[in-house]
């Protein structure tokens, strides 16, 4: 009896126990199922399925992201790039012997002062800069010293591997890598935009042509002891600047040490009275306006006197001259009369259309505003007709000349390479200044000036060079200095279908014995252009050939030889 | 039955555990490998940038011109050295003979007195060893020459 209640209880318990057991079984089963599922899934993922890569924080592939995009020339040659360089700093507390360390460091880095270093290294600071931006060789040498307490910090630096080449086009950056001159400045945002960091900026500059131009100009500057020079090579059909040189130049790798005069871009920022090159514009204007034709003539027997001013010829013929003769022999008297016939207003408008009365449009901030008279009187019309009394940058004149020879359209100059195949549209994009027919006439006049006239030293057999000399006296207080000249020459080739233009201007060349002490354009600038053309024409794929029958032959009949 | 089930479960757990363990480590290894590769790629790209800059530096026209002037006797080409178009070549005079190629190389020693016309000398003396003659004793070659000569003569 005693047991019965227990049994009763047990009976009751049994039922409950049974229930708990069942519940446990269900839970166990669920867990087992879950584990089996996990196990199967794991095996499945690991062994059977093709695993899709799940981003583990990194996306894409690792690449070098330079802080600034490269600049390359039209053929992809690197002109500016960012490289890692080591900067040396020290922790003076780790330095064992400051005197010894300073002595050894100066031996490796001779531009540092030993006393200065000693003071730095024996200070109580924990961090002192010793030298920024070491060359790899210097870094190696410092490492080889084996001194404790010296450390390197890797920093990115802008490197211009071509040195002085195209320095004025490229410009340079400051210590923080911010562009402060040239295209580095103009395209600063584009170059430092991380989105474009991998994409180099491609310029229209051709490094080979840039070098040829700079080399020949340097040679001439030295030979004639000129103070400076500016030069431009341009594709007349696309407006692309293939080379732009300003002398003296500087090394953008060491821009800080360059004197301001060397950093000045004479080709686009400097404005000069370029002299007789402007006669091309005057003649084109007169021919296009129908004021004169090739058979017209002007009396150039006597100098023109206007007030206290006298217009003379540098190569006086003292006779009546035909239009081609006026151009070929560069007669100021003839061209001044021609400009008066056209009229000052028309002249101003024409030069304005050519973009010579405003700052040049180019991908540079170093552009110079032209200087011209406020009041355009007759005397101004006359002097401007032969390039005096108006100062413009050589680049603008190059652009204007390109419009004269390419069929008559002004195409904006650019430093950025045009994509291939864009050539056909370029002329349509340009603004028409003179008619095609006038352009052809101007071409034959330019050819005649080289073949028969003042620019004969620029001729290169086979390349059909045409061009115009420009010798201008530099203005000084109260007049002009006769002994200080700007000698310039603009050459175009090949003349039967003009493609390229070379313009050079030299500042105050001094005559030498070989040129009979002349420093005029025909002796200084024209031969330089001739040599440049001889060097660059094969690079540009211009075939040497014979003169094709064109307007030049007719023009030459109108030019009476000396 | 229960024991059997337990055994299976234990085995499965052990298997799954080992599998997971291996997988995890293999994945880790792969990850390290990928990271190493990425680091290598970055290092290579940096090296390429340096080499490109160096290439540009060593190929700068200024430097090349210096080197060429110092070590080579090369001069810039003149326009008359460039033939733009084959039609620029002048016609040869009628009856002329096509010059055989590589005259310089196949003439180890002088066989002719200076001044004698090289190609009209009859081959009385047999061609000497190592010397090819151009007088018709060369079989197929001479046919070609003959053909060219005929063509030339006929054209003018």
Between segment A:187-230 and segment B:26-47, what's the alpha-carbon centroid distance in Å?
-> 39
Tilt relative to chain A, helix A:436-451 - C-alpha long axis, 0 to 90 degrees, to 10 = 70
Return one number: the angle in degrees, 0 to 90 and rounded to the nearest 10, between the long axis of the Cα atoms of helix A:521-539 and the longest principal axis of the Cα atoms of chain A.
-> 40
1/(1 + (r/R0)^6) with r = Cβ-Cβ of residue A:138 and residue A:223, R0 = 51 Å, i.e. FRET efficiency to nearest 0.05, evaluates to 0.85
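Fully extended, how many nm does the chain gain between residue A:376 and residue A:543 (0.36 nm per residue separation, minus their Cα-Cα distance)?
55.6 nm
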Taking only the C-alpha atoms, wrap a convex hull around segment B:2-71 and report its volume per residue in Å³ as a whole number.
-> 69
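Across peptide B:50-57, how many C-beta atoms of other chains are within 10 Å of each residue C-beta, on average? Working shown, then result.
Values: counts 5, 0, 8, 10, 4, 3, 15, 6.
Taking all residues of B:50-57 together, the mean is 6.
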Cα centroid of segment A:348-407 to Cα centroid of segment A:232-281, whole Å | 16
Calculate the spin-label point distance for residue A:312 paired with residue A:20, positioning each point 7 Å from the Cα along the beta-carbon direction, and give it in nanometres.
-> 13.1
Kindly express, to the nearest 10 degrees and within the range 0 to 90, the angle between helix A:277-288's C-alpha long axis and the longest C-alpha principal axis of chain A.
-> 80
Over segment A:221-349, calculate the relative contact order: mean separation of alpha carbon pairs under 8 Å at least 6 apart, over the residue count, as a percent.
-> 18
Computed from the beta carbon distance with a Förster radius of 25 Å, FRET efficiency for residue A:99 and residue A:174 to the nearest 0.05 stands at 0.10
The simple spin-label model distance between residue B:21 and residue A:153, using points 7 Å out along Cα→Cβ, in nm, is 4.8
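Suppose the chain between residue A:127 and residue A:297 were pulled fully straight at 0.36 nm per residue; how much longer would it get relative to their current alpha carbon spacing? All intermediate terms of the calculation are to be shown ahead of the outcome.
Details: separation 170, 0.36 × 170 = 61.20 nm, distance 8.10 nm.
Using 0.36 nm per residue and subtracting the Cα-Cα distance, I get 53.1 nm.
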Quote the FRET efficiency, to the nearest 0.05, computed for residue B:36 versus residue A:497 with a Förster distance R0 of 60 Å and r equal to the Cβ-Cβ distance.
-> 0.55
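Using the alpha carbons of chain A, what is the convex hull volume per residue in cubic angstrom, as a whole number?
On the way: hull volume 173.7 nm³, N = 562.
Enclosed volume per residue, from the Cα hull, is 309 Å³.
Coordinate-derived values only; no laboratory data. Since the structure is predicted, the reported quantities are computational estimates derived from the model, not experimental observations. Using ideal geometry, Cβ is built from the backbone for each residue, glycine included, and neighbour counts are taken over all protein chains shown.
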